[in-house]
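What follows is a single structure, written as structure tokens, with notes after it.
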Amino acid sequence: MGNDGQCFECSHEHGVGDRCLSFRLAPEFLEMVVAGVAGARRVSFSVPGLPPHERLLPLIAEAEAARDDGDAGALEEFALRIAGAVTGMLNESKLRALAPGARDERRISAALRRIEACLDEQLSIAALAKVAAMSPYHFLRTFRALVGVTPHQFILHARMRRAAVLLRRTSDNVSAIAFAAGFGDLSTFNRRFQRIFGVSPSAFRARPH
């Protein structure tokens, strides 16, 4: 980890199977994250790295998978989540979050309505947070606390649900349905559909209702 304005170099002996993923965070982005972490006061990194930790392992593994999928939406979320987790660890914070209130519920409901109405559009965390009148980091935490999944996961499942309905209700080809559901790449759609439903889109359509 390195601070803005300080030169540093990170290297290692390269070999077969190396997997490298880096996030470059603007100072104002990191300040926003720190402001959303309970008990956090530090904006700069006090150490150049952290040892393997159970709090970070799942995030890093999921971020690698998202990178392999070329999933920009998921990587945007992981940048927030990893920055928040690292900030909490550096500040020895338990990351205790206040229970969302009625005002938070109204704001997240507004974001959910926008998602349902605009599934075929690019829906970034920043844009949805603006709808909810929250900072991106606070929005992500509150959304997950209330909905049970992250915004990206909710969008993915909503798009898959729409695609499944279109497969049942129309005779449109699979590629047209994928694009109508908000997927810009057919192979990505087929792979994710298979992962969630256990069969290909064509097999799902052919199954008895």
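The values are calculated or read from the model by the stated rules, or taken from the named source; none is laboratory data. Not measured: the values here are computed from a predicted model. Positions of Cβ are backbone-derived with ideal geometry, glycine not excepted, and every protein chain shown enters the neighbour counts.
Listed here are the residues, each with its yes/no results for (1) farther than 18 Å from GLU76 by Cβ; (2) at pLDDT 80 or above.
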site: ASP18; (1), (2): yes, no
site: ALA35; (1), (2): yes, yes
site: PRO58; (1), (2): no, no
site: GLU62; (1), (2): no, no
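Can you find a residue that is closer than 30 Å to ARG162 by Cβ, in contact with a Pro (Cβ under 9 Å, 6 or more places away or on another chain) and modelled with pLDDT of 75 or more anywhere in segment 91-106?
So the first thing to find is which residues in segment 91-106 are closer than 30 Å to ARG162 by Cβ, and the list is 100, 102-106.
Still in the list and also in contact with a Pro (Cβ under 9 Å, 6 or more places away or on another chain): none.
No: segment 91-106 contains no residue that is closer than 30 Å to ARG162 by Cβ, in contact with a Pro (Cβ under 9 Å, 6 or more places away or on another chain) and modelled with pLDDT of 75 or more.
If ARG141 passes every condition in (1) of a type in the set (D, E, K, R); (2) in contact with a Ser or Thr (Cβ under 9 Å, 6 or more places away or on another chain); (3) buried (at least 20 other Cβ atoms within 10 Å of the Cβ) but one, which one does it miss?
(2)
Please go through segment 120-175 and pick out each residue that is under 21 Å from ALA38 (Cα atoms) and not in a helix (DSSP H, G or I).
Within segment 120-175, ALA132, ALA133, MET134, SER135, GLY148, VAL149, THR150 qualify.
What number goes with the only condition from (1) touching a Phe, Trp or Tyr at 6+ places or on another chain (Cβ under 6 Å); (2) more than 15 Å from SER22 (Cβ to Cβ) that GLY73 does not pass?
Single failed check for GLY73: (1).
Give me the pairs, please: first residue somewhere in segment 121-142 and more than 22 Å from GLY182 (Cα to Cα), second residue anywhere and among the hydroxyl-bearing types (Ser, Thr, Tyr), beta-carbon distance under 7 Å, and either six or more positions apart or on two chains.
MET134/THR142
Take segment 25-60 and flag every residue that is under 19 Å from the mean Cα position of the chain (by Cα) and closer than 29 Å to GLU121 by Cβ.
LEU25, ALA26, PHE29, LEU30, MET32, VAL33, GLY36, LEU59
Of everything in segment 173-192 that's over 21 Å from the mean Cα position of the chain (by Cα) and of a type in the set (Val, Ile, Thr), which residue is surrounded by the most Cβ atoms within 10 Å (Cβ to Cβ)?
Quick first cut of segment 173-192, residues over 21 Å from the mean Cα position of the chain (by Cα) only: 173-177, 180.
Subsequent filtering for residues that are of a type in the set (Val, Ile, Thr) retains 174, 177.
Values: VAL174: 19, ILE177: 23.
Residue satisfying both the conditions and the ranking: ILE177.
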